[in-house]
Every structure is written in C-alpha cells, then in structure tokens.
Amino acid sequence: MKTLTIHDWKYRLKLVSRLVTACLLVTPAAVQASPQAPTIQLFPTTVLEEIKHTGDVAAQMETGLQTVIGRLDEQQKLYVESKCEGNEGDPGCERIARQMGKSYLEMLTIMGDRLPEMETAVNNTSASLRKRLRSELGQKKTSWTLQEMLVDAQSDNADKAGRPALRGRSGMRLSDRFHQYYRLVARSGGEVNSSLAVIASDIYLDMQETSGLIARTRDEISRATLMEQLNQSFGTITPEMQEVVAGVKSILFGEDEALMPMTAPPASQPEPVDESPLNL
Amino acid sequence: MNKATTSTVTAALAAATLAAILTACNANPPRATACSLPEGTDLDRAISAARFDLTTGCEQQFDQYFQRLLTIAEGDPKKDNKAAFSEFLIWANEEGLLSKRQARELYTRYFGVKYVSLISDYSVCAQTCPRRDEVMREMNKELVNKEQGLLKVSADRREYYRANRLFQETELVLEATCEACGPVE
C-alpha cells in the first residue's frame with residue numbers, strides 16, 4: 001500500500017480545491033432559506049447553517065493560503081530569473097531557496113492550524129446531509145419516483161445552460177461547478193427538488209472525500225513539516241514543493257486547467273410533445 | 001373400356017390430390033409457415049408484413065420482428081417513426097401479443113426518456129441499494145436501446161440527451177443516497 005505524503009501534489013490539490021469551493025456554498029444557503037418550502041427537505045436550516053459555517057472556515061483558510069502562495073510565486077519567479085536551477089551551490093540561490101522553504105512551511109502551518117476546525121465543519125455537514133439523503137430520498141422514494149422527480153426537473157428547467165455539470169464526469173474544475181450550482185439554486189426559488197437532489201448528492205460525496213483527505217493530511221502534516229525543516233538546513237527546493245505550489249495556484253487563481261464542459265445539449269428547437277399513450 | 005376406366009381413375013386421383021393440396025394451403029398459408037422477417041426499406045410496408053405474420057402463426061417471434069422493424073427504421077430516421085412504433089405496439093396489445101404493461105415497457109425502453117430498469121415498489125434503501133450495480137448495468141443496456149430508438153430510429157437528439165443526462169443524474173444520486181442508507185445488510 002502506497003504511503004500518502006504531504007508532498008503528493010495531486011492529493012493536496014484535491015483538498016484545497018474542495019476547501020475553496022466550499023466558500024461558494026454560503027450564498028445558496030441564504031437563497032434556500034426562502035419561505036417557499038420544497039417538497040423534499042434536503043436543505044433544512046440546520047444543514048444550511050452547517051454549510052455556511054464550512055464555507056466560512058474554508059474562506060479563512062483560502063485567504064491565508066492565497067497570501068503565502070502569492071509570496072511563493074514571487075520567490076519562485078526570482079529563483080528562476082536568477083538562474084538558480086542547476087546552480088544550487090550559489091549563496092544567493094541558497095538564500096532564495098530557504099525563503100521559499102519558509103513560505104512553504106508557513107503554508108503547512110496554516111493548513112495545520114485550520115484543518116481541525118475544517119474537519120469538524122465538513123464532518124458535521126456530511127453527517128447532516130447523510131441523514132437528509134437517507135430519509136428524504138432513500139426511504140421516502142422508490143427508484144421510479146426518484147427518477148420521475150429528476151425527469152420533472154429536466155422539463156421544468158428547459159434552459160440547460162444553468163445546470164450543474166456532474167461530479168467526476170465533466171472534467172470541470174470544482175469551483176466552476178459550484179458556481180453553476182449557485183446559479184441554479186439562486187434562480188430556482190426552491191422549486192427544483194431534483195436539481196437539489198443532484199446538488200445534495202454532489203456536495204455529500206465531495207464532503208465524504210474531503211473528510212478523508214483532511215484526516216490523512218492531518219496525519220502527515222507534522223512529518224512533512226519535519227522534512228521541510230531538514231531541507232531548510234541544506235537550502236534546497238524539492239521538486240515536490242514546486243509542484244505543490246504550482247498546483248495550488250492553478251486552483252486558487254484559476255490558471256492552467258482547461259474547462260471541459262459536459263456534452264452540450266443539441267440546439268434547442270420547439271419539440272412536439274410525445275403523445276404516445278404507451279410512454280410511461 | 002379399360003382405357004376409359006383408367007382415364008376416369010387418373011382424373012379422380014388428380015382431383016383428389018389437388019383438393020388435398022388446396023386444403024393444406026388454406027390451413028398453413030405459405031408466409032406464416034416461413035415466418036420470414038420483413039425486408040426492404042419501407043417501414044410502413046414492413047409493419048404491414050409483420051402484422052400479417054404475427055397474426056398467422058409467427059407470434060412466438062415477436063421480438064425478432066420488432067428488432068427487424070427497428071433495423072429497417074434506422075434506414076430512414078425521423079420523428080414520425082416513433083408514432084409508427086407506438087401504433088404497432090398498441091396493435092400488438094389489442095391482438096393479445098403483448099400485455100399493456102409489456103407494450104408500455106417496450107415502448108419506453110426504446111422511445112422514452114425514463115428507464116424501465118428503475119421500476120420498483122419499495123424504497124431506494126430497501127430495494128435498489130442492495131442491487132445498485134445490477135440496476136446500473138440494466139440502465140446502461142437500456143441506454144443503448146434508447147440510442148437505437150431515440151437517435152437512430154427517431155432522430156430525436158434532444159430526448160436522447162435527456163435520457164443520457166437522466167442516467168448520469170440517477171447514477172450520482174443513487175451513489176450518494178445508497179452511501180447514506182448505509183451498508184447492505
């Protein structure tokens with residue numbers, strides 16, 4: 001079994017991306033609190049409050065990380081412009097490398113400080129969503145009525161531009177997807193149960209994954225900090241460190257990753273209603 | 001005399017043979033005996049031929065006939081084909097070849113957005129989650145049927161898109177809901 005380390009940048013990206021996107025959940029919470037109660041209660045006030053709190057915690061963490069990542073970016077730029085790559089013995093380059101290492105340690109510290117609160121918030125939200133999904137969809141619906149609910153919402157939302165792409169299938173960055181969720185919910189006025197079912201499912205599965213990532217990150221963070229402290233004494237920059245910084249930047253500042261939206265619907269045309277009496 | 005008697009007997013035998021052949025023909029019409037699947041590219045003609053065969057001894061091969069009609073319709077995809085298949089299945093129900101439920105499920109499997117694979121009487125937690133993988137495999141097969149019915153036969157990209165999207169949404173919601181329902185007992 002492969003040991004997961006804090007230097008695994010893909011792993012780190014997943015974590016940070018979830019933390020960043022969680023911030024975007026705050027506003028939908030306010031929208032859903034409108035008096036128009038949906039038929040299925042996937043987002044009662046308690047769940048909304050938990051999502052809001054998780055968003056607040058994630059926002060604080062994001063702000064802290066953004067500052068230190070900005071500094072790391074500047075230091076990396078200086079390192080490259082000074083032609084330090086392949087010239088590690090140079091005292092000036094060593095100094096820049098140590099500064100980068102310090103910033104990297106600071107990033108780890110921020111994550112270490114914020115993660116316990118984040119973990120609690122995510123786990124609480126996840127537990128609440130689990131309860132709602134089980135009672136509202138798992139126990140009150142059959143698979144047929146669940147499908148009918150999803151189909152009805154498709155009909156209600158003929159304007160497909162505002163629909164969320166689905167988790168893990170669209171290739172779309174999480175933050176973009178949550179932006180779409182926000183737009184959908186903000187427009188809905190609480191009348192799109194099935195879309196809410198999709199959103200709730202998506203958030204729940206993301207929260208589950210995030211919870212696991214946080215737990216593993218916490219386990220590894222002290223060891224990673226120790227490793228970086230050792231690196232500091234030699235004034236070296238590890239390739240993993242550079243990759244982590246580049247990866248986190250791409251999430252926070254929206255660089256690099258191309259959007260690959262889900263297959264678009266065909267050009268909209270007025271469609272005749274299927275009048276077959278056989279259609280279920 | 002002998003010659004005349006022989007002629008009479010021969011004529012009588014010939015008449016009897018002819019009568020026997022005609023009787024046999026009336027009992028087993030040649031088309032039905034062959035149960036030959038319709039050919040050509042004209043869907044209306046193919047449906048007429050299928051109707052004839054299916055009411056004259058070939059009803060056991062309903063599925064093969066239905067598949068052949070779909071294949072023929074693929075040659076000229078258009079939205080009217082959906083109505084033609086609807087009428088054909090209603091007719092099949094009226095003729096007693098299919099129950100109303102079978103006709104509905106067959107039509108929906110090929111030309112509807114919803115999935116008959118999801119028909120169930122009990123809750124998602126109780127009935128669907130314990131066999132979620134199997135349900136998803138069935139839905140996947142049904143999506144292939146919808147590709148044939150909605151896209152290749154009816155040229156209805158919009159409805160196929162909806163069916164495809166429903167598949168993805170259902171997969172996501174079932175994954176989350178079944179996770180929330182807890183482990184299968």
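Numbers for the structure displayed
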| read-out | value |
| --- | --- |
| Members of the range B:151-166 that are at the interface with chain A (Cβ under 10 Å from one of its Cβ atoms) and either of a type outside the set (Lys, Arg) or in contact with a strand residue (DSSP E or B) (Cβ under 9 Å, 6 or more places away or on another chain) (or both) | B:154, B:156, B:159, B:160, B:161, B:163, B:164, B:166 |
| Single residue of B:115, B:110 found to be facing chain A (nearest Cβ under 7 Å), in contact (Cβ under 8 Å) with a residue 40 or more places away in the chain, among the aromatic types (Phe, Trp, Tyr) and crowded, with 20+ Cβ neighbours inside 10 Å | B:115 |
| Residue that is more than 13 Å from the chain's Cα centre (by Cα), more than 9 Å from every other protein chain (Cβ to nearest Cβ) and either surrounded by 15 or more Cβ atoms within 10 Å (Cβ to Cβ) or not polar (S, T, N, Q) (or both), where the choices are B:59, B:94 | B:94 |
| Filtered residue count, the range A:61-120, keeping only those that are at pLDDT 85 or above and part of a loop (DSSP other than H, G, I, E, B) | 4 |
| Any chance residue B:103 is assigned by TED's automatic domain parsing to the domain that holds residue B:75, among the hydrophobic types (A, V, I, L, M, F, W, C), crowded, with 21+ Cβ neighbours inside 10 Å and in contact with a helix residue (DSSP H, G or I) (Cβ under 7 Å, 6 or more places away or on another chain) | yes |
| Flag for residue A:167 being under 24 Å from residue B:139 (Cβ atoms), at pLDDT below 90 and of a type outside the set (S, T, N, Q) | yes |
| Residue that is farthest from residue B:110 (Cα to Cα) [pool: residues in the range B:125-140 that are free of Cβ contacts under 8 Å to residues at least 40 places away in the same chain and hydrophobic (A, V, I, L, M, F, W, C)] | B:126 |
| Only listed residue being out of contact with any Gly (no Cβ under 7 Å at 6 or more places or on another chain), outside the structural domain of residue B:158 (by TED's automatic domain parsing) and modelled with pLDDT under 95, chosen from B:59, B:87 | B:59 |
| Matching option when the condition is surrounded by fewer than 15 Cβ atoms within 10 Å (Cβ to Cβ), of a type in the set (Val, Ile, Thr), under 28 Å from residue B:58 (Cα atoms) and not assigned by TED's automatic domain parsing to the domain that holds residue B:78, among B:153, B:144 | B:144 |
| Residue check, residue B:143 more than 8 Å from chain A (Cβ to nearest Cβ) and of a type in the set (A, V, I, L, M, F, W, C) | yes |
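Matching residues to (1) closer than 30 Å to residue B:125 by Cβ; (2) over 32 Å from the mean Cα position of the chain (by Cα):
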site: A:84; (1), (2): no, yes
site: A:91; (1), (2): no, yes
site: A:97; (1), (2): no, no
site: A:109; (1), (2): no, no
site: A:115; (1), (2): no, no
site: A:131; (1), (2): yes, no
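The values are calculated or read from the model by the stated rules, or taken from the named source; none is laboratory data. As the structure is a prediction and not an experimental result, all values here were calculated from the model. Glycine gets a Cβ as well: all are built from the backbone with ideal geometry, and neighbour counts include every protein chain shown.
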